[in-house]
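The values are calculated or read from the model by the stated rules, or taken from the named source; none is laboratory data. Quick caveat, the model's predicted, so the values are computed rather than measured. Positions of Cβ are generated from backbone atoms using ideal geometry, with glycine treated the same way; all protein chains shown enter the neighbour counts. Please note that ligands, DNA and RNA were not included when accessible areas were found on the heavy atoms of the full protein model with its side chains. Shrake-Rupley method; radii C 1.70, N 1.55, O 1.52, S 1.80 Å.
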Amino acid sequence: MKVDDVKKICVVGAGNMGHQISLLCAIHGYKTTCTDIVPEVLKKAENFADTYLPGRVKKGKMTEEQAKQARANVSFTGNLADAAKDADYVIEAVIEVVPVKRKIFAELDKLAPAHAILATNSSAIVSSSIADATKRPSQVVNLHFFNPALVMKLVEVVKGPHVSDETAQVSMDLCTKLDKVPILLKKEVDGFVVNRILGALTREALWLQEMGVASAEDIDKAMVYGAGHPMGPFRLMDLIGIDLQFTLDIERFKKTGDPATLPYPSVVERYTKGQYGQKTGKGWFDYSEK
Ligand code: 3HC
């Protein structure tokens, strides 16, 4: 398969990442189906499309015709079979739980056409942990977008040992068509490139905060005004989700057995209180008034 054979994309999971990935594909001309098992999550994704696109027109970033076309390109359905049945490329963006992903990939293997590539947007789970749930392991790959997916340019394409050259190439080319900047990871590695580096930075930030060296707000200021980051590590945790931060730490601990990788107490505290960040209105900072 070549990238020009990709006409239809299916995005499984309409949450934090899926709602933006599906809209991104639609904006770039792909017929896109977005599916989720939770009706409220699906509705929220649809509402996002209905407000985001007119917002782009108002900002002068898109013509009315382009917005209309993008909206027509994306549809939302709770039915996985309908969403996947004629997809050429599938991007899974559901929760970071291996058995859940394996179950979905086994289903997708039956539902999607034989030529379709099945990608996971996982932040932490390498595709070799999932590929053997399908009969097409060479077509199962990591395609890792960054939050917010409509804005962040990078996509990590991870070529596990089972991934064919063709799958990796089509995935890289697809990212370019989506106006992203793809990088190819030639080996699977825990955390890939960005999350390994961001993880180290986040842990340092948490250590400084928990030791009482500086407040979360001031550490964020330090990284914005002293290191030129667009946002500090605490605001970033609130953006990506403290629930995801917790899961990433636990997954890393499971893999390494190193207690130093366990979530910091201040992360556990917020996780257990359901204070996940922007999506719940509170995390490190309060978003209830926005
Ligand atoms: N969704 C869609 N678009 C958004 C957005 C969102 N949530 N937030 C901002 N934008 C868009 C705005 O519409 C605007 O677009 P325009 O310039 O074309 O009009 C543009 O982004 C800039 O927005 P603002 O001026 O409102 O705000 P900022 O300039 O502060 O930018 C930001 C916001 C893009 C989020 C910026 O702060 C940033 O780049 N932060 C760092 C984000 C980051 O590091 N992401 C990676 C996280 S790690 C990850 O995702 C991996 C995962 O595995 C955990």
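Can you report the number of residues in segment 132-176 which are acidic (Asp, Glu) and within 30 Å of residue 230 (Cβ to Cβ)?
The number of residues fulfilling the criteria is 2.
For segment 224-250, give me each residue that is open to solvent by 50 Å² or more (accessible area, probe 1.4 Å) and within 11 Å of the ligand (Cβ to nearest atom).
If the condition is that a residue be open to solvent by 50 Å² or more (accessible area, probe 1.4 Å) and within 11 Å of the ligand (Cβ to nearest atom), then 229, 230, 231, 235 are the ones that fit.
Could you grab me the full set of residues in segment 100-126 that are of a type outside the set (Ser, Thr, Tyr), within 18 Å of the chain's Cα centre (by Cα) and either within 16 Å of the ligand (Cβ to nearest atom) or open to solvent by 20 Å² or more (accessible area, probe 1.4 Å) (or both)?
Those that are of a type outside the set (Ser, Thr, Tyr), within 18 Å of the chain's Cα centre (by Cα) and either within 16 Å of the ligand (Cβ to nearest atom) or open to solvent by 20 Å² or more (accessible area, probe 1.4 Å) (or both): 100, 101, 102, 104, 119, 121, 124, 125, 126.
So which residues in segment 91-116 are assigned to a helix (DSSP H, G or I) and of a type in the set (Asp, Glu), if there are any at all?
107, 109
Filter segment 269-290 for residues that are open to solvent by 50 Å² or more (accessible area, probe 1.4 Å) and free of Cβ contacts under 8 Å to residues at least 40 places away in the same chain and give the result.
Hits for segment 269-290 are 269, 271, 272, 273, 276, 280, 282, 286, 288, 289, 290.
Tell me, please, whether a residue that is touching an Asp or Glu at 6+ places or on another chain (Cβ under 6 Å), assigned by TED's automatic domain parsing to the domain that holds residue 151 and not basic (Lys, Arg) can be found in segment 64-83.
So far as segment 64-83 goes, yes, one or more of its residues are touching an Asp or Glu at 6+ places or on another chain (Cβ under 6 Å), assigned by TED's automatic domain parsing to the domain that holds residue 151 and not basic (Lys, Arg).
Out of segment 127-159, which residues are closer than 14 Å to residue 185 by Cα and surrounded by 21 or more Cβ atoms within 10 Å (Cβ to Cβ)?
127, 141, 142, 143, 144, 145, 155, 157, 158, 159
Failed condition for residue 199, given (1) closer than 19 Å to residue 144 by Cα; (2) among the small types (Gly, Ala, Ser); (3) modelled with pLDDT of 95 or more, with all others met?
(3)
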